[in-house]
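Asks: This structure is in structure tokens; I'll ask about it shortly.
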Amino acid sequence: MELFWWLFTIVLFAVGLIGTVLPIIPGTAIILAAAVIHRMMLGAEKSIGWRSMAVLVLLTLATYALDFLGAYFGAKYFGATKWGMCGAIFGTLAGLFFGIIGLFVGPVIGALAGEFIAGKRMIDAGRAGWGSLLGNLAGTIGKLVIALAMITIFLMTVPPPI
């Protein structure tokens, strides 16, 4: 039965890694759930400890912060006004409902709209939109790195099944 729970955990890890790139699936939350299920099913002596679990929870929360702040800081770095940065955040929220395309296009449209509201020219608005796209891509890469770190922490702290 122990091998079944290991296989189940590994499958959830794979789904979680896919979910860090696809906005529909909450990737790091699935990885955290896999660690919790593993602990519940196999017990404390054969699974992850509480300290490691706390680290996984903190890393999961960090990925959610990356989701919203990536586009914001990307737009800010490329000179967006507060309107453009707020537009990038709202675009990210709206883009979540339109799949992977919406995740990348939403912040750009939001930053552009915010810059137009602030009275900026097209070139400045385009720069802010480009910044929000790059920030979003950097956030996605950061989430993937954190997800891999979570899996590594789990595998390094849990005793092998055999």
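The values are calculated or read from the model by the stated rules, or taken from the named source; none is laboratory data. Every value quoted in this text rests on a predicted model; they were computed, and no experiment measured them. Backbone-built Cβ (ideal geometry, glycine too); neighbour counts: all protein chains shown. The accessibility values were calculated without ligands, DNA or RNA, using every heavy atom of the protein model including side chains. Shrake-Rupley method; radii C 1.70, N 1.55, O 1.52, S 1.80 Å.
Asks: Over the residues of the stretch 1-53, compute the C-alpha Rg and express it relative to 2.2 N^0.38 Å. Don't skip to the answer; put the middle values down first.
Replies: On the way: Rg = 11.5 Å, N = 53, 2.2 N^0.38 = 9.9 Å.
It is 1.15.
Asks: Between 0 and 90 degrees, rounded to the nearest ten: what's the tilt of helix 99-117 against the longest Cα principal axis of the chain?
Replies: Roughly 30 degrees between the two axes.
Asks: Also, quick follow-up: Across 10 Å bins from the origin, how do the percents of Cα pairs in the stretch 1-143 run, short distances first?
Replies: Binned Cα distances yield the sequence 14, 34, 23, 16, 9, 3, 0.
Asks: Take the solvent-accessible surface of the protein heavy atoms, probe 1.4 Å, and return the percent of it on the chain that carbon and sulfur atoms account for.
Replies: Values: 6980 of 8720 Å².
Carbon and sulfur: 80 percent of the exposed surface of the chain.
Asks: Sticking with this structure for a sec: Kirkwood Rh and Cα-based Rg: tell me the resulting Rg over Rh for the stretch 52-96, rounded to two decimals.
Replies: Ratio of gyration radius to Kirkwood radius for the stretch 52-96: 1.14.
Asks: So what are the stretch 85-162's ellipsoid semi-axes, whole angstrom, largest first, if each one is the square root of 5 times an eigenvalue of the alpha-carbon gyration tensor?
Replies: Working through the eigenvalues yields semi-axes of 37, 12, 8 Å.
Asks: Only Cα pairs within less than 10 Å get springs; with that Gaussian network setup on the chain, which residue of 46, 143, 76 has the largest fluctuation?
Replies: 46
Asks: Using a Gaussian network for the chain with springs between C-alpha atoms less than 10 Å apart, which of these wobbles most: 29, 128, 149?
Replies: It is 149.
Asks: Can I ask one more? Which value, in debye to the nearest 20, describes the size of the charge dipole of the stretch 43-162 about its Cα centre when Lys and Arg Cβ atoms bear +1, Asp and Glu Cβ atoms bear -1, and nothing else is charged?
Replies: 180 debye
Asks: Report the residue, chosen from 109, 117, 141, that carries the largest GNM mean-square fluctuation when the chain is represented by alpha-carbon nodes joined by springs under 10 Å.
Replies: 117
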